[in-house]
Amino acid sequence: MPLHTSFVFEPSTQVSALQKHLNSFEQAPEVAAILILACDANGYTTANLNPLLKTCTKPVLGGIFPQILHEGRAWSEGVVVVGLARAPVFVILDNLSQQSGFEEILDRSFNLSSSPSTQTLLVFVDGFAAHISSLIEGLFNTFGLELNYLGGGCGSLSLQSKPCVITPNGLLQDGALLIFLDHPSGVGVAHGWDSVSKPFKVTSAQGNTIHSLDWRPAFEVYQEVLTAHGGQPITPDNFFPVAKAYPFGITRLDAEMVVRDPLMTQNQYITCAGEVPTGAFVRVLHGNQHTLLQAAQKAHAMAHKAWFESQSRPHELQFIVDCVSRALFLEQDFLEELAVIHSSGPMLGALTIGEIANSGQDYLEFYNKTVVVGFF
């Protein structure tokens, strides 16, 4: 059975336009569930969207993102609605920032052995929730390398947490949606950022906020690295526009560094998209159009290879999860990145606040500034 029966891109931001498509999929007997990828600029809220979600007889799942992808283009307004051929098992997790010990929560919520076979797990999470990395670690410890993982952080470029995960119960803030698919996939992950500093030890951090590096205020150290590299002077007022070119990389043994996107600074602290553990070693990274496009090519090649190692038939759908800050950094050159990763056939996806992926062979991570290519 195919993953999806059909999908449509709706450029309108109006909830009534979305309702028209939901009604159409509701009446289609070949559609068992509905996947939605929506833009933050649509202005969907709990007030205008929840009544619609709760009245659908088929489960509606998905997320709201800074931008969405459709057929090789990025859109800042509109929505993609996908009719899934089979209703997936799904789990809703709320109050992530208040949780710990996700293995126990996942064991209670879902029993993989007693459910339909799962080959791919889609993960949509509030990109500004605390403990995302702990959730990812819990998923890996619970399900291991038995499945592929693909997903990302929902949310807004306002950098404020708000209801953004779409569930049959309504929009969810500070939560996550796990969608277990009985469909094979091929996944590729790469980022293209290179180190421009020595390693610094994270001597104090809380969640996704770095307090000190090598026992010095984090922002002070970061400023010095950027100055030494010849970059634009960085201040609290221009932090995000400058910092988008200088992410952190968390060192991993025998693996590519995991990128963390610096979002803001306050009181000499630096807040990132994703947790940075005390005791980790980080470097300041930098990249350019060439290195990022090379990484996009690498991710595409990895996904292509992974697909054909397990499948003898062509893929039916390409699902892309790309970091919105890559688009902000590349600006007009981002069109070239999309051209690099767009294969023939249907393509959809989202520009996310953090990316979630593994290839079925590597450790699962919550990435930033990374491109993830998936074939279904």
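Ligands, DNA and RNA left out, the accessible area of the chain computed with a 1.4 Å probe is 50% carbon and sulfur. Counting only protein heavy atoms and a 1.4 Å probe, the range 202-274 has 47 square angstrom of accessible area per residue. Starting from the Cα gyration tensor of the range 215-293, take the square roots of the eigenvalues, sort them a ≥ b ≥ c, and report rounded, prolate or oblate (rounded when a/c is under 1.5, otherwise prolate if a/b is larger than b/c, else oblate). Since a/c reaches 1.5 but b/c is at least a/b, the shape of the range 215-293 is classed as oblate. Among the listed pairs Lys198/Lys244; Lys201/Lys369; Lys198/Lys305; Lys54/Lys162; Lys162/Lys369, a Cα-Cα separation exceeding 24 Å is found for Lys198/Lys305. Between the alpha-carbon centres of the range 178-217 and the range 47-109 there is a gap of 24 Å. Counting alpha carbon pairs within less than 8 Å and at least 6 residues apart, what relative contact order, in whole percent, applies to the chain? Relative contact order for the chain comes out at 21 percent. Charge dipole (Cα centre; +1 on Lys/Arg Cβ, -1 on Asp/Glu Cβ; no other charges) of the chain amounts to roughly 140 debye.
Karplus-based coupling profile of the range 62-71, in residue order and whole Hz: x, x, 10, 10, x, 8, 10, 10, 8, 6, with θ = phi - 60° in 6.51 cos²θ - 1.76 cosθ + 1.60 and x standing for Gly or Pro. Annotation note: GluC sites (Glu not before Pro) in the range 306-336 located in DSSP loop regions with a Cβ neighbour count of at most 14 within 10 Å are Glu316. Along the axis of the charge dipole computed for the chain (Cβ charges of +1 for Lys and Arg, -1 for Asp and Glu, origin at the Cα centre), the listed residues Tyr367, His229, Gly354 are led at the positive end by Gly354. Largest GNM mean-square fluctuation among Gln297, Gln266, Gln19, using the chain with Cα springs under 10 Å: Gln266.
Using a 1.4 Å probe, what is the accessible area per residue for the range 52-162, in Å²? Let's see the in-between values first.
Working: 4360 Å² over 111 residues.
Solvent-accessible surface per residue comes out at 39 Å².
Note that the range 275-376 presents 36 Å² accessible area per residue, ligands and nucleic acids not counted, probe 1.4 Å. Against the chain, whose longest principal axis is taken from its Cα atoms, helix 132-143 shows a tilt of about 60°. Helical content of the chain, expressed as a calculated mean residue ellipticity at 222 nm, amounts to -7500 deg cm²/dmol (DSSP H runs of 4 or more residues, -39,500 (n - 2.57) each, divided by residue number, nearest 500). Think of each Lys and Arg Cβ as +1 and each Asp and Glu Cβ as -1; about the Cα centre, that makes the dipole of the range 255-325 roughly 160 debye.
Beta bridges from DSSP with both residues in the range 90-231: antiparallel share about 75 percent, rounded to the nearest 5. Listed by chain and number, the aspartates and glutamates whose alpha-carbon sits under 12 Å from that of Lys298, ignoring those within fewer than 8 places in the same chain, are Glu337. Most mobile of Ser310, Ser204, Ser134 per a Gaussian network model of the chain (Cα springs, under 10 Å)? Its mean-square fluctuation being the largest, the pick is Ser310.
Of all DSSP beta bridges confined to the chain, the antiparallel ones make up roughly 80%. Tell me the angle of helix 15-27 to the major Cα principal axis of the chain, expressed in degrees between 0 and 90 and rounded to the nearest ten. Tilt relative to the chain: about 50 degrees.
The values are calculated or read from the model by the stated rules, or taken from the named source; none is laboratory data. Quick caveat, the model's predicted, so the values are computed rather than measured. When we count neighbours, we look across all protein chains shown, and the Cβ atoms used for this are built from the backbone with ideal geometry, even at glycine. Side chains included, ligands, DNA and RNA excluded: accessible areas come from the protein's heavy atoms. Shrake-Rupley method; radii C 1.70, N 1.55, O 1.52, S 1.80 Å.
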